[in-house]
Each structure stands twice: as structure tokens, then as C-alpha cells.
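Beneath this line is the structure, given in C-alpha cells, with notes to follow.
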Ligand SMILES: Cc1cc2nc3c(=O)[nH]c(=O)nc-3n(C[C@H](O)[C@H](O)[C@H](O)COP(=O)(O)OP(=O)(O)OC[C@H]3O[C@@H](n4cnc5c(N)ncnc54)[C@H](O)[C@@H]3O)c2cc1C
């Protein structure tokens, strides 16, 4: 029998609602505390869920609701020097599921509420105190909440990470700024395909949505670090000038940048990757999701890994007799997997910001690589991962 009866989940992004739903399923009374004043269903832009992430959502009964709002993308291509090259994929795996981030938030929130999870907004965690009987979260509005455990699902700038270890590393800057948009643009695109494009000066990606619209994202190299707030302090019109200049000679990068309006442009700011975090837990506090393992957008796995970790933590708390054993087992189940994905993404990040010589070499080497890449080696371990909820964790 688990001795954990109650849990405070800090953060109502992706990992938070999934963890709270899974904890409820494990018989633990979980509540979510989110810093935003209300549900963030209007924060848009596209996000691709990998087969392993969608399968993990099936464990908490959210898989079908997510498939309903998603556009399945069965094929991937690389575009190098303007040439489209099919990227190897695993034919027996379900397609990537492209979702609008705001829609995903809505579905996960609704699933948590349906499972009986209370969600409180305007609750920014600032501190936590331990007693023999529990952990008390202190919020910026002066209120408190107490439970047996506190789960830090508070994203890449995690406060819980610093409460666990004041010397914990923060996220590294990948050297790129993120932008995205969903637009109408009259260009030919391959059907049901996501294209990862190495343009003349920068990397971008695009995907047709099947309804005449196209989603696209830009990873703009930048020597200067700009937080989300700093990046949004620059007018979108100015960012569009820069994007049109950077991608102007690319096809379809140029047309995509030119067709995007300031109102459509989503500015994400610096793109990050988390280095290895030495301490995943302490006393009654534990981390999940980007707070402890953000593999950067290049992995296409950040949200999927966050969902997996949330569910594995709930299994460990359900099955193991004490917190120390449950947290240590959770870390053992997760650390090597998430750090392996981050290492792969770090290599891709490197390839997105090459110097002029490396860029020329890439144009020669990548077509050969695309033909000879072993999809099993590339994505097998990542995409075939499945969680057996019924299996007892030992
Ligand atoms: C441009 C871009 C593209 C991406 N594309 C993909 C993709 O295609 N596929 C993919 O799988 N992943 C992708 N990712 C990564 C993915 O978005 C993250 O891995 C995922 O959002 C992590 O979920 P999370 O719940 O851990 O963190 P978040 O989604 O960041 O949620 C954290 C929540 O905690 C709240 N919070 C923060 N501090 C506090 C506090 N002190 N108290 C209370 N609440 C707090 C925040 O307001 C937020 O709601 C992308 C990321 C970026 C930046």
C-alpha cells in the first residue's frame, strides 16, 4: 500500500494535469496549482506528439480526445539545398499527431477535472516548508497548501528545481530564437508530411494542415539571448522583416515568411535545452517534465517525455512503500531515457547552426545520410516506449 495520500502538483501546463490525473488513478488525492490567472487555452502554435507520448496519454484516458483534435502526419522529409529527401520512419508506428498547444492544454485540463482534480489558478509557488507530516507550499498571494508530496511540473524555469537544490543548473540557450505561425499560403506542399528544412541561412519546418492552411516554425540563429518577454518587446513587424530577410531566398521559406502577418506570428524567444540535473528529488519534493528534462524543441519529444514521466511517477508512488524508494525508482526508470533523447537533440541543434564551411558540407552529406539512416536506431527506442499501468513497479 502506498503511504502517499495527497499531492500538490505545481504547474498546470502539460506534465501537471497528466500527473494529477494519473495520481488520482493511483488513488492519491492530487490538486494542481498554476501561476497563470486562468486556463492558457489561447496560447497557440503547433506541437507534435510522438507515438510514445500519445500511447502514454491512453493510460489516463486522454489519448482519443487528443487524437480528435490532432492532424496525423505519417511522413517526414528533410529539405536540403531546396531538395526534398524522405526521412526514414518506423512504418509500424502510428503517425505523429500535430496539435495546437492551446487545444492540448484544454483537453488535458478537461481530463484532469473529469478525474476529480481541483485546479487553482493565480497560484505562483514561491517557497516550500517541510514538517515530519508533510510539505507546505507557499504561494505569492500569501496562501498555502499542505500535502504528503509536492510535484514540480513548473516548466523550464522551475522554482521547485531551485527549492530542491539551490545550486541546480538552469537551462542552456541553444543559440536560436523560436517563431511560429499558422497561415494561408498558396504553395505546393507534400500531403500529410512534416518537412524539416535546412535553408540557406537558417533552419525552419513546415507542415500542411489538410484544410488549406500551413503551419510553420523558424529557428533563427541569434548570438544574443532573448527571453520570451524580451523577444516580445520587439514589434512582430520587425521580427517579420528579419525572418523575410533570413529565409527570403529559400523555397518555401521565403513565401511562408512573406505570407505571415504580424497578427499570426507567435514569438517564442530563446530555445532552451536542460543540462543533466543532479538532484531530481529531495525530502517530499520531486520534479517532472521540462523542470527536470527539457530536451529542446529539436527532439520533438519534450511533451511526450513530460507525459511519460508524469505517469511513471504516479506508478512509483502507487506501488512503492516509502517516498525515498518511490522517487529513487522513478529517477532510475527515467533518467537514462530522457538524457539519451536530449543528447540526440543537442546534435541536431548543432546541425541547425553551422558555420559556412559546415553548411556546404552538410548539403553534400545529408542526402547520403537520409538514404542510409537506420530508422530503428534513430527512433526505435524513443517511439516504441510503452507504459504498462497494470504492472507493479518493483
Ligand atoms: C518552440 C517550441 C516547440 C516545441 N515543439 C515541441 C514538439 O513539437 N513536440 C514536443 O513533444 N515538444 C515540443 N516542445 C516542448 C514542449 O513544449 C515541452 O516539453 C512541454 O511543454 C513541457 O511541459 P511541462 O508541463 O513540463 O512544462 P510547461 O508546458 O512549460 O508548463 C509549466 C507550467 O508551470 C507553470 N508555472 C511555472 N512556474 C510556476 C510556479 N512557480 N508556480 C505555479 N505554476 C508555475 C507555468 O505557468 C506553466 O503553465 C516545444 C517547445 C518549444 C519552445
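Each value in this text was obtained by applying a stated rule to the coordinates, not by laboratory testing. Note that the structure is a prediction, hence the values are computed from the model and not measured. Cβ atoms come from the backbone with ideal geometry, glycine included; neighbour counts cover every protein chain shown.
Structure above, values below:
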item	result
Highest average packing first - 74-83, 144-153, Cβ atoms within 10 Å	144-153, 74-83
Estimated [θ] at 222 nm from DSSP helical runs (n ≥ 4, -39500 (n - 2.57)) normalised by residues in the chain, nearest 500	-11000 deg cm²/dmol
Average Cα contact separation per residue, the stretch 264-341, under 8 Å, 6 or more apart, as relative contact order %	28
Residue-span extension gain [residue 377 to residue 29] - 0.36 nm each, minus C-alpha spacing	121.3 nm
Label-to-label distance, nm, for residues given as residue 200 and residue 357 (7 Å Cα→Cβ offset)	2.3
Overall form of the stretch 299-344 per C-alpha gyration tensor (a/c, 1.5; a/b vs b/c)	oblate
Using a Förster distance of 35 Å, the FRET efficiency for residue 245-residue 141 (Cβ separation, nearest 0.05)	0.20
Fully extended contour minus Cα-Cα distance, from residue 384 to residue 227, at 0.36 nm per residue	53.1 nm
Theoretical gain in end-to-end length, residue 368 to residue 64 [0.36 nm per residue, Cα-Cα removed]	105.6 nm
The stretch 1-121 - percent relative contact order, Cα under 8 Å, separation 6 or more	37
Ordering of 20-29, 351-360, 200-209 by packing [mean C-beta count within 10 Å, highest first]	20-29, 200-209, 351-360
Percent antiparallel among DSSP beta bridges (both partners in the chain, rounded to 5)	70
